[in-house]
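The values are calculated or read from the model by the stated rules, or taken from the named source; none is laboratory data. Worth saying up front: this structure is predicted, and the values here are computed from it rather than measured. All Cβ positions, glycine included, derive from the backbone under ideal geometry; neighbour counts span all protein chains shown.
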Amino acid sequence: MAGEQHQQHDRRHTHPHVEAVTPQTAHEQLACPVCGRPVETVIRRRKSLGIFIPEWVPGPCRNPDCAQYVPEVGKIP
C-alpha cells in the first residue's frame, strides 16, 4: 500500500520538460574601465546577513600608459 502511494506520488510530480541549469564556474575576464585592457580579478568579501560573501572585482591596471595605472609593489622597474 505504501509503495503504491509512493509510485503514484512520483508520477504526479515529474517534470519531463524542465531542464537542469548548471551553475557557471568560470568568471569573465575583467577589463580596465579607462583603457580597456584585461586586468586581474581580485576577490573581495562583503558581509550580508552576518556572513561574508565573495565578490569578484577588477584589480588594478598595470598598463603604464593608462590614467589609472598602479605600479606593482615590491618590483623594481
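Take the residues in segment 46-75 that are within 13 Å of Ala31 (Cβ to Cβ) and polar (S, T, N, Q), then tell me which one is modelled with the lowest pLDDT. The residue in question is Gln68. Figure legend. Inter-residue proximity from segment 34-58: first residues loosely packed, with under 11 Cβ neighbours inside 10 Å, second residues hydroxyl-bearing (Ser, Thr, Tyr) and outside any strand (DSSP E or B), beta-carbon distance below 6 Å, spacing 6+ or different chains. No pairs are indicated.
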